[in-house]
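Structure first, then comments.
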Amino acid sequence: MCVIERVDPTNREMGARISDLFARRADGSEFPAGIRLSPFWDDERKFVAVAARDMSERRVISDALVAAREEADRANRAKSRFLATASHDLRQPLQAIRLINASMHKLTQGAPELSDLVRHQELAIDSATRLLNALLDISRLESGAIEPQLAPVSLAAAFDDMVSEFAPVAAAKGLQLRFIETSTVLSTDRMLFTQLLQNLIGNSLKYTQRGYVRISHVFDDDALILKVEDSGVGISHDKLGRIFDEYYQIGPQGTQRLGVGLGLAIVREVTRLLGYTVAVSSTVGHGTCVKVRIPLHRLLVETTPPPREVSAALNEATTGVCRLLLLEDNESVRHATELFLSLEGFEVHGAANVSQAETILKDLRPGDILISDYHLEGKLTGLDVLLNLRMQARSDVPGILMSGDLQSMLRVVKTAVPRCRFLSKPVDSKALLSAIAELGAS
């Protein structure tokens with residue numbers, strides 16, 4: 001016991017949050033200690049009682065928890081790196097299957113039974129593509145590899161794209177899919193904002209059996225509030241706090257479980273990256289409303305909306321005029337791409353490597369388009385081949401670069417390359433035809 005001179009002393013831990021303390025046992029050994037100071041009065045004198053506790057067991061537990069957390073973080077980072085690195089190889093087979101399916105659509109015209117089988121196959125391919133994309137998207141978003149690339153994005157144009165994608169789904173379920181008319185232009189990342197809309201609308205359609213899905217927006221003092229409302233099954237209050245967790249599905253009674261429970265986890269990560277906030281309100285049996293707050297400083301007042309992509313319908317004016325020079329080292333993807341484009345009426349020359357392609361490229365003609373995988377042998381890329389070809393031809397030879405490695409693709413997209421389009425595998429056949437039509441018409 002000791003005398004202290006501190007004014008108004010209080011009960012406290014000695015050295016708390018400042019340094020680790022140690023005490024000595026009777027045998028002379030040291031141990032981590034927790035020391036509690038408790039002041040008291042004896043007549044007019046102030047004293048303090050000191051209680052020392054052996055913290056050895058607590059220290060062992062604390063160290064074990066820290067080690068377990070660090071190991072979990074390492075495992076999570078390894079998972080993200082693996083999925084991001086493996087994305088190219090995982091997407092390659094889907095690319096071949098998707099293009100073969102598109103070719104079968106062409107070949108089975110006039111045979112209703114076969115066409116129906118091909119249509120069901122297409123739905124299965126689309127489902128597999130969505131699942132793979134969800135797994136890879138969440139890994140990329142969490143890995144910190146994505147930096148938003150802000151550009152003017154017309155909200156009306158983004159809504160039109162969503163109508164094209166989801167109107168058939170809504171019609172098949174007998175739902176009303178409504179979008180507000182708007183002239184708003186945002187400064188945002190086009191790809192990330194598209195992901196945000198796709199996951200919100202897709203999720204609403206999935207859990208709505210009758211009624212509507214409405215997309216609208218309102219303004220308040222400091223934000224544009226984007227709203228996605230539905231008349232679906234709703235979410236109980238005790239589950240609202242978990243809906244943004246990875247792999248979590250509410251699984252309401254009578255609703256088919258679709259996907260892997262990553263849609264809203266992707267929404268959470270995308271809104272974080274874009275500097276938005278998201279909130280959900282819901283009533284069981286009446287529906288759900290998701291609100292995304294977009295800061296007003298992200299709105300562009302006097303900006304002309306960017307031009308829309310050229311329609312694939314222009315392809316008719318392009319076929320027969322240009323040749324397509326295909327450089328793809330994956331045999332299955334190369335053959336599937338050649339078959340699909342040949343059935344569309346194009347003259348296609350395929351090569352498995354740069355050496356084979358050199359013979360074709362020597363006979364380059366005006367209007368020819370290079371279509372190449374991004375990753376080729378060694379460190380060579382399709383962009384390297386295109387730029388070298390342009391130097392030799394002394395002209396901006398049009399090119400289409402495709403890759404399943406989205407991290408590399410995102411880094412390349414930052415560099416403005418005229419008359420060049422970047423497509424992510426598995427490439428939709430309509431997107432490929434649209435890119436060809438656009439480059440062929442320019």
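Excluding T288 itself, what net charge comes from residues whose Cβ is under 9 Å from its Cβ, given Lys and Arg +1 and Asp and Glu -1? In short, -2.
Cα-Cα over 26 Å: which of K173/K430; K379/K430; K173/K227? Walk me through the intermediate numbers first.
Details: K173/K430 24 Å; K379/K430 30 Å; K173/K227 21 Å.
As for pairs spanning more than 26 Å Cα to Cα, those are K379/K430.
Potential lengthening of the chain between S38 and S281 amounts to 82.6 nm, from the contour at 0.36 nm per residue minus the alpha-carbon distance. Residues in segment 190-246 average 44 Å² of solvent-accessible surface per residue, probe 1.4 Å, ligands and nucleic acids excluded.
In sequence order, segment 233-239 has phi-based couplings of 6, x, 10, 5, 4, 6, 9 Hz under the Karplus curve 6.51 cos²θ - 1.76 cosθ + 1.60, θ = phi - 60°, and Gly or Pro positions carry x. Computed from phi, the 3J(HN,Hα) profile of segment 56-73 under the Karplus parametrisation 6.51, -1.76, 1.60 (θ = phi - 60°) reads 4, 5, 5, 5, 4, 5, 4, 4, 5, 5, 4, 5, 5, 5, 5, 5, 5, 5 Hz, with x in place of Gly and Pro.
In segment 108-240, what percent of the accessible surface is made up of carbon and sulfur (1.4 Å probe, ligands and nucleic acids excluded)? Carbon and sulfur together cover 53 percent of it. Ranked by the mean number of other Cβ atoms within 10 Å of their residues, highest first, the peptides 358-368, 430-440 fall in the order 430-440, 358-368. If you add up the charges near V153, with Lys and Arg at +1 and Asp and Glu at -1, over every other residue whose beta carbon is less than 11 angstrom from its beta carbon, what do you get? Once all neighbours under 11 Å are counted, the net charge is 0. Residue ranges 186-198, 112-124, 221-233, 387-399 sort as 186-198, 221-233, 387-399, 112-124 when ordered by packing (mean number of other C-beta atoms within 10 Å per residue, highest first).
Computed extension gain for R74 through A171, at 0.36 nm per residue and net of the alpha carbon distance, reaches 30.4 nm.
The values are calculated or read from the model by the stated rules, or taken from the named source; none is laboratory data. Note that the structure is predicted; figures quoted are calculated from it, not measured. Neighbour counts run over all protein chains shown; Cβ positions are idealised from the backbone, glycine included. With ligands, DNA and RNA removed, areas are computed over all heavy atoms of the protein, side chains included. Shrake-Rupley method; radii C 1.70, N 1.55, O 1.52, S 1.80 Å.
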